[in-house]
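Just below is one structure, and these are the notes that go with it.
The values are calculated or read from the model by the stated rules, or taken from the named source; none is laboratory data. Please read all numbers here as calculations on a predicted model, not as lab measurements. Cβ coordinates were reconstructed from backbone atoms using ideal geometry, including for glycine residues, and neighbour counts include every protein chain displayed.
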Amino acid sequence: MTKEEILEGNKLIAKFMNLDIITDGISWFDTSYKALKKYNSSWDSLIPVVEKIESLPTKDKSRYVVDIASYTCDITQELDAEHFLGTIVSTIYPTKIEAVWNACVKFIEWYNNTKN
């Protein structure tokens, strides 16, 4: 991934997490001038994103499930433990955090496109 792809993904995640972001032309910040979180390299920043995805409401009372295993991450939709509705995103990357970060970015893109 390029630095630009990482920045765009982190900005997308920040907006999904309801943070307003601004720039001084060099760096990106939230409106309290805290540096844009590095969701791509910090589990402390990324896990709340996973938790938000899993807590999103759906029209059919199903739920989104983020499954992290080895160097893969799948985000699926399930009605309950016995009723699997489908895979939304599936990623494989060299590191676990890359797999989860990319899955979150792809899910947020999908989610933003489907809710509009």
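Please list, ordered by first then second residue, the pairs with beta carbon atoms under 6 Å, 6 or more apart or interchain, first in segment 25-42 and at negative phi, second part of a loop (DSSP other than H, G, I, E, B) and surrounded by 15 or more Cβ atoms within 10 Å (Cβ to Cβ).
The qualifying pairs are 28/36; 30/19.
Using the structure shown, decide if residue 80 is free of Cβ contacts under 8 Å to residues at least 60 places away in the same chain, closer than 21 Å to residue 113 by Cα and among the acidic types (Asp, Glu).
Details: free of Cβ contacts under 8 Å to residues at least 60 places away in the same chain: yes; closer than 21 Å to residue 113 by Cα: no; among the acidic types (Asp, Glu): yes.
Taking the combined requirement at face value, the residue does not satisfy it.
Run residue 105 past the list (1) buried (at least 17 other Cβ atoms within 10 Å of the Cβ); (2) touching a Cys at 6+ places or on another chain (Cβ under 9 Å) and report the number of the one that doesn't hold.
Failing condition for residue 105: (2).
Quick one: which residue in 108, 88 is touching a residue at least 60 places away in the same chain (Cβ under 8 Å), within 16 Å of residue 54 (Cβ to Cβ) and aliphatic (A, V, I, L, M)? Spell out the reasoning first.
Details: 88 fails: touching a residue at least 60 places away in the same chain (Cβ under 8 Å).
On inspection, the qualifying residue turns out to be 108.
Just wondering, is there one or more residues in segment 89-97 that are farther than 17 Å from residue 42 by Cα, small (Gly, Ala, Ser) and surrounded by 10 or more Cβ atoms within 10 Å (Cβ to Cβ)?
Taking segment 89-97 first, the residues farther than 17 Å from residue 42 by Cα are 89-92.
From the residues that got through so far, the ones that are small (Gly, Ala, Ser) too are 90.
This time we only want the ones that are surrounded by 10 or more Cβ atoms within 10 Å (Cβ to Cβ), so: 90.
Scanning segment 89-97 turns up at least one residue that is farther than 17 Å from residue 42 by Cα, small (Gly, Ala, Ser) and surrounded by 10 or more Cβ atoms within 10 Å (Cβ to Cβ).
Output the residues belonging to segment 91-105 that are farther than 14 Å from residue 49 by Cβ and of a type in the set (A, V, I, L, M, F, W, C).
92
Which condition does residue 116 not pass, out of (1) under 18 Å from residue 52 (Cα atoms); (2) modelled with pLDDT under 95, if it passes all the others?
(1)
Give the residue that is surrounded by the fewest Cβ atoms within 10 Å (Cβ to Cβ), with candidates limited to residues of segment 4-58 that are aromatic (Phe, Trp, Tyr) and modelled with pLDDT of 90 or more.
We begin by selecting, within segment 4-58, every residue aromatic (Phe, Trp, Tyr); these are 16, 28-29, 33, 39, 43.
Within this subset, residues satisfying the condition of being modelled with pLDDT of 90 or more are 16, 39, 43.
Values: 16: 20, 39: 27, 43: 12.
Checked segment 4-58; the qualifying residue surrounded by the fewest Cβ atoms within 10 Å (Cβ to Cβ) is 43.
Across segment 1-51, what is the total count of residues that are among the charged types (D, E, K, R) and more than 17 Å from residue 109 (Cβ to Cβ)? Talk me through it step by step, then tell me what you get.
Restricting attention to segment 1-51, the residues satisfying the condition of being among the charged types (D, E, K, R) are 3-5, 8, 11, 15, 20, 24, 30, 34, 37-38, 44, 51.
Then drop every residue that is not more than 17 Å from residue 109 (Cβ to Cβ), which leaves 3, 20, 24, 30, 34, 37-38, 44, 51.
The number of residues fulfilling the criteria is 9.
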